[in-house]
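What follows is a set of notes on a single structure, which appears directly below.
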Amino acid sequence: MDIYLLRRATEVPPLVIALPTEDRRRAVAFYRDALGLEPFGDLAGDGVPEPLQYRLDARTTLMLVPTGGFGWVLGDRSVATPGTSECLLGLALRTEAEVIAATDRACAAGATVITAPATQPWGFTATFADPDGHVWQLTVPS
């Protein structure tokens, strides 16, 4: 068997989390300013990589797809209406100060705070919605 084929057959595919976005340029600014993420890939005519992707770790990528294209991929299923959350994106941080600072950066970048930083039974946490309404939870686990 060809070595290349053997290698390809045993690789674990990456996890891609795809979310719809109304405005690619706004998304790039938000994810850079709020979470310190930088997109990768070839730039499209608008100066934003296409597809708009962020590497979260060695196997996980966050991809933001224009709302129209996202609907096309879903076929006859509906895209969730604004304000409807179908998933919660979590980010574990090391200290309460990091949660507070990240929440402040997210607000400055256009997020809406859902729950202010506070101690909960599962840890110190805060939640916010990005400009497209996707909910992020920042947590320092107990």
Legend entry - the stretch 98-117 - residue that is assigned to a strand (DSSP E or B) and among the polar types (S, T, N, Q) and, of those, least open to solvent (accessible area, probe 1.4 Å): T115
Inset, instruction - Being of a type outside the set (A, V, I, L, M, F, W, C), assigned to a helix (DSSP H, G or I) and modelled with pLDDT of 90 or more is the filter here, so list the residues in the stretch 68-97 that pass it. - result: E96
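Within the stretch 26-67, track down each residue that is in a loop (DSSP other than H, G, I, E, B) and of a type in the set (A, V, I, L, M). It would help to see each step written out before you state the result.
Residues of the stretch 26-67 that are in a loop (DSSP other than H, G, I, E, B), as a first pass: 36-39, 41-42, 44-48, 50-51, 56-59.
Residues satisfying the conditions are L37, A44, V48, L56, A58.
Considering the stretch 118-142 alone, what residues qualify as being of a type outside the set (A, V, I, L, M), closer than 30 Å to R24 by Cα, part of a strand (DSSP E or B) and in contact with a helix residue (DSSP H, G or I) (Cβ under 6 Å, 6 or more places away or on another chain)?
From the stretch 118-142, those of a type outside the set (A, V, I, L, M) are 119-125, 127-128, 130-134, 136-137, 139, 141-142; that's our starting set.
From what is left, the residues that are closer than 30 Å to R24 by Cα are 125, 127-128, 130-134, 136-137, 139.
Applying the additional criterion that residues be part of a strand (DSSP E or B) yields 125, 127-128, 136-137, 139.
Passing the criteria: only F128.
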Inset, instruction - Please enumerate the residues belonging to the stretch 31-61 that are open to solvent by 90 Å² or more (accessible area, probe 1.4 Å) and of a type in the set (D, E, K, R). - result: R32, E38, D42, E50, R55, R59
Inset, instruction - Go through the residues of the stretch 121-129 one by one and say whether even a single one is within 13 Å of the chain's Cα centre (by Cα), surrounded by 11 or more Cβ atoms within 10 Å (Cβ to Cβ) and on the phi > 0 side of the Ramachandran plot. - result: no
Inset, instruction - Take the stretch 37-54 and flag every residue that is aromatic (F, W, Y) and within 15 Å of L19 (Cα to Cα). - result: Y54
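The values are calculated or read from the model by the stated rules, or taken from the named source; none is laboratory data. None of these values were measured; they are calculated from a predicted model. Here the Cβ is made from the backbone with ideal geometry for all residues, glycine too, and neighbour counts use every protein chain on show. What goes into the accessible areas is simple: the full protein's heavy atoms, side chains included, and nothing from ligands, DNA or RNA. Shrake-Rupley method; radii C 1.70, N 1.55, O 1.52, S 1.80 Å.
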